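Values quoted throughout were computed directly from the atomic coordinates according to the rules given, and no laboratory measurement underlies them. Treat the numbers as computed from the prediction; the structure is a model and nothing was measured. Positions of Cβ are generated from backbone atoms using ideal geometry, with glycine treated the same way; all protein chains shown enter the neighbour counts.
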Amino acid sequence: MINLSTIDYVFIFGFFAITLGIGFMVSKKSGQNPAEYFLSGRTMPWWLLGVSMVATTFSTDTPNLVTDIVRTNGVSGNWVWWAFLITGLLTVFVYAKLWRKSGVSTDIEFYEFRYGGKPARFLRSFRAIYLGVIFNILAMAAVTLAAIKIGQVMLGLTALQTVGIAGAVTVIFSAVGGFKGVVYTDFILFFVAMCGGIGAAYYCVNLPEIGGLSALIENETVASKLNILPDFNNKEALITLLIIPIAVQWWSAWYPGAEPGGGGYIAQRMLAAKNENHAIGATFFFNILHYALRPWPWIIVALCSIVIYPDLISLKDAFPNITDDKLGHDIAYSAMLTKLPSGLLGVVLTSLIAAYMSTISTHLNWGSSYIVNDFYVQRVNKNASQKELVNVGRISTVILMAVSAILALLLNNALQLFNIILMFGAGTGLIFILRWFWWRINAWSEISAMFVSGIISLLLNSKSIALSAWLFGNENTIGLMPSWMTYPFIVIVTTGVWLLVTFLTKPEKEDTLFSFYKKIQPGGPGWKHTVKKAQDHGVDLNLNKQEWNVPSGVLATIVGCVTIYSVLFATGYWIYGQYTKATILTFVAIASAFALKHLWKKIKAVVF
């Protein structure tokens, strides 16, 4: 436990006051109607939304998750989330403008825009609860769990005390300020969080026990964890850490903030943008900051923790007040922060509080938007007044916070929940990518994928694991499959089922397909059948005469990945002192950035 100085308290409580002040300042405007409360009237600029996206994904559990990954699998273990850059850039160059063009209030509303009839209504309502409540609560529980561990390690607080303090301030601010308050404060939260992360990394690497950056890199314990790519001679590590994320995971998994085809709170921000160009600019700005700028401060602190706390026993000895159910490698990040001096400690603690509030407030506003727009209005009271809808949003915000806090008290570590969420969304991502560009996908495609993925994940993560451990004495196998095959197996089965269901069920009605095409103008070979039908029926689809720009968007995605990955890895090699590799990658990043600028103009996505 640490003792906070006066300056530390000034930073922390000053931040609380600013955040609550912004929430109350915009409360009158936000409370006018649901459009203001959940989308801020669709008037937000790209730079503010981009910073908001990245602030939201910088939560208290993120440094803990990265620390857990680095200590367990080394730096290369981060490919489990680095691979989602492909998803993110595909959203930038292909899907952002489609979302903004749709004009829906939430991405769940899309279901009744793209599909029709009772299946579409069921899908919209069910997904509102499935994602807005169940998955949303899981994500918030992971963030709150990280806050609990920080409170135990750094301040000696009990889990209930941490949840009570952090949760109360966040839920008040979120319920009062709505989306506008969330986005405005996110701008402040991002810079506070980045200053805290960079400051912590700089101080930790210069601790006497570490001896500076060179000594850290040369440390025998740390050296085995430094590789950016996994060991190619280790088949299981190569498949698990690199091949599956790059070949399968990025397009097949649904994960908050990295949904294939865009979705969730990323879609919420695209829908709140001024226009299509601002939606594209926001998502591109987010991906640059998220992948190229932020990871290394966390990685450096994680590597430092390996020197000072090489195993769980050393962590337990240093922090005996940590309860056994919360002991894990993820607390090593908080453990390192206890060594910070006054002043910097206050900044870092404030940055962690900022990260917590940013993520939780976004999830609360996003989840309550589903409850209000896609469940309450559709199933409970279609004639609800604007004031009633805003009040329902505020009440649901409080309930979501309470339930997620209770769940957080029952969890052990962030990586555990990360894997659960990935498994439950396995195999559904391809639908989210193709549904814009293939007329044959229908509501039953999505319903079958959602249920099959969830059921198989439950079976493989409970009874099958216990059975295989009993039969083979090995917890790393699932039945007759190695552990790395679990995720691809779920993807293969889920994809096979939803494709079969798609062709066994009737396609959407022609009027529904005509209406979708007329507004979105998706183009491409996947809609030739619908275009021909429209022409046969004399229906005017306002066909866009411009060249189909999805191929250019895919090419821009590839070049963008080269650019951002080059920046990410060049930074790592500069830190490692491997200057030849760093120089080459820096030039690759510059060259690909120029190529990307050319492609950006070609797909008519000039933001500035």
What is the calculated FRET efficiency for I590 to D231, with r their C-beta to C-beta distance and R₀ = 25 Å, to the nearest 0.05?
0.25
Can you give the extra length, in nm with one decimal, that the chain gains between K518 and K101 once fully stretched, where that is 0.36 nm per residue apart less the Cα-Cα distance?
149.0 nm
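Sorted by average packing, counted as other Cβ atoms within 10 angstrom per residue and highest first, what order do 129-137, 583-591 take? Please report the intermediate quantities before stating the final value.
Numbers: 129-137: 21.1, 583-591: 15.7.
In decreasing order of mean packing, 129-137, 583-591 become 129-137, 583-591.
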Length gained when the stretch V554-V398 is fully extended (0.36 nm per residue, less Cα-Cα span)
52.1 nm
Reduced to Cα centres, the span from region 533-576 to region 143-207 in Å works out to 35 Å
Hey, rough spin-label estimate for D536 and S224, points 7 angstrom out along Cα→Cβ, what's it come to in nanometres?
6.6 nm
Across the chain, what fraction of all alpha-carbon pairs, as a whole percent, falls in each successive 10 Å bin from zero upward?
3, 16, 27, 28, 18, 6, 1, 0
Roughly how tilted is helix 46-57, in degrees to the nearest 10 and between 0 and 90, from the longest Cα axis of the chain?
60 degrees
Cα→Cβ-extended label distance, 7 Å offset, between L410 and F191, nm
4.2 nm
Ranked highest first by average number of other Cβ atoms within 10 Å, how do 5-16, 283-294 line up?
283-294, 5-16
Do any of K118/K382; K149/K235; K180/K387; K97/K602 go past 24 Å between their Cα atoms, and which?
K149/K235
In nm, give the distance between the simple-model label positions of T323 and A17, each being 7 Å from the Cα along the Cα-to-Cβ direction.
3.4 nm
I'd like the Karplus ³J(HN,Hα) series for region 547-561: coefficients 6.51, -1.76, 1.60, θ = phi - 60°, whole numbers in Hz, and an x wherever there's a Gly or Pro.
5, 4, 9, 4, x, 5, x, 5, 4, 5, 4, 5, 5, x, 5
Three-way shape call for region 81-135 based on the alpha-carbon gyration tensor, with the a/c threshold at 1.5
oblate
